[in-house]
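*Asks:* Encoded as structure tokens, here's the structure I'll be asking about.
Every number in this text was worked out from the coordinates using simple rules, so none of it is lab data. The shown structure was predicted, so the numbers you read here are calculated from the model rather than taken from an experiment. A quick note on method: Cβ atoms are made from the backbone with ideal geometry, for glycine too, and the neighbour counts reach across all protein chains shown.
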Amino acid sequence: MTGVIITILIVAAVIVALILLRPDRKGQEAQPPRRMFTMETSKDLTPVEIQPSVPALVPELPESYNDTRVVLMVRDPEWIFAYWEINDNHWESLIRRHGEPIASRDNVTLRVFELSGEMRYFDINVGGMARDWHIRVGKSQTPFYCHLGLKHGGEFIPLAVSNTVVTPRDSLSHLFDEEWMLVNDHEQRLLKRLGNFPLDLTSPFMYRKEG
């Protein structure tokens, strides 16, 4: 009798274990069936249509800022460049004050000053519709500035004063590059391997080995 009861209990335990270990059919039904082979369809092979990109709009620079000013820039050791504009209201006030014979576009003049030596200057008539001018000064390492004004006869009426520029030198500099001294020990050891190199010189091409 005891053996029958034990057998029944074992069978019941096995049935319970099978029920608990049985996979969830609902979870299996929710999962799509595994595809053994993946195949590309014509829809998958169709290239994606690329939409043309719209270029960003770049704001255009105005032809004039409606201001009265003159600006100098350096072009090279012997030339500078000037550009200018005259405010419309300012121009109308000049006509009312001095009259049209003097306040004429044909009388617009650049008076270029040299800020060295005798402080000389020279005039350039830039009348008409010109708004910029290349000026040959013929001197390097010299500061210049200019006045924009009206010239009528011997009278000069200044309208605007430019900034000051300095023309660059027209020859090689006589200064050496002391700022680039070799302070790294590794660089000094490397140069010693190249030969008898004076470490107080900073530009190797300046050194010539004697003998």
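*Asks:* For residues that are of a type outside the set (A, V, I, L, M) and over 24 Å from Ile86 (Cβ atoms), tally how many sit in the range 105-135.
*Replies:* Residues in the range 105-135 being of a type outside the set (A, V, I, L, M) and over 24 Å from Ile86 (Cβ atoms): 5 in total.
*Asks:* Follow-up. Among the residues of the range 142-157, count how many are of a type outside the set (Asp, Glu), touching a residue at least 40 places away in the same chain (Cβ under 8 Å) and more than 12 Å from Trp84 (Cβ to Cβ).
*Replies:* Count: 7.
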